[in-house]
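Structure, as structure tokens:
Just so it is clear, none of the values below were taken in a lab; they were calculated from the coordinates. Given the structure is predicted, the values throughout are model-derived calculations rather than measurements. Cβ sites come from the backbone with ideal geometry, for glycine too, and all protein chains shown count toward neighbours.
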Amino acid sequence: MPRRKAFTRRPQRGKDRLRATGDRPAGRGGAFRCAGCRLDVPLSAPGTAHRNHCPHCLTSVHLDDRTPGDRRAACGGRMTALSITARPDGEWLIIHHCEACGGLSANRIAGDDNALALLRIAVRPLADTRMPVSALLAL
């Protein structure tokens with residue numbers, strides 16, 4: 001029986017983080033690739049100055065540390081949309097949870113976000129059978 005060759009890994013190409021720094025826009029002509037659905041997402045977003053999540057699946061990447069657009073987070077983990085909250089003026093915010101470090105962040109929705117995906121997250125507590133709906137309505 002002939003001996004097999006030892007398995008050697010091919011070196012991977014470097015993955016571009018697509019971070020915008022200073023006056024240099026992120027790659028792909030002002031777009032980034034979504035960590036969730038892998039679609040190319042434009043950096044411009046109606047209703048907000050900093051696009052920080054995919055409008056299709058609402059997935060984000062942990063790039064910002066304290067303020068939107070600072071790009072100072074060292075984590076870089078995938079952030080999934082956990083829930084929706086609203087400001088006193090009625091503006092909706094998406095609560096993202098980082099799968100790598102466990103951090104939470106609140107991000108403004110953009111005008112082109114998938115309305116069905118937003119509503120699915122918003123009604124999630126109503127679908128939870130562990131808490132009666134009457135208790136939620138009393139809040």
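Things worth noting here:
- Cβ crowding within 10 Å, taken as a proxy for footprinting-reagent exposure, orders Ser60, Ser105, Ser83 from fewest neighbours to most as Ser83, Ser105, Ser60.
- By the count of other C-beta atoms within 10 Å, a proxy for reagent exposure, Arg33, Arg120 are ordered fewest to most as Arg120, Arg33.
- Order of Glu99, Glu91 - criterion: other Cβ atoms within 10 Å of each residue's Cβ, fewest first: Glu91, Glu99
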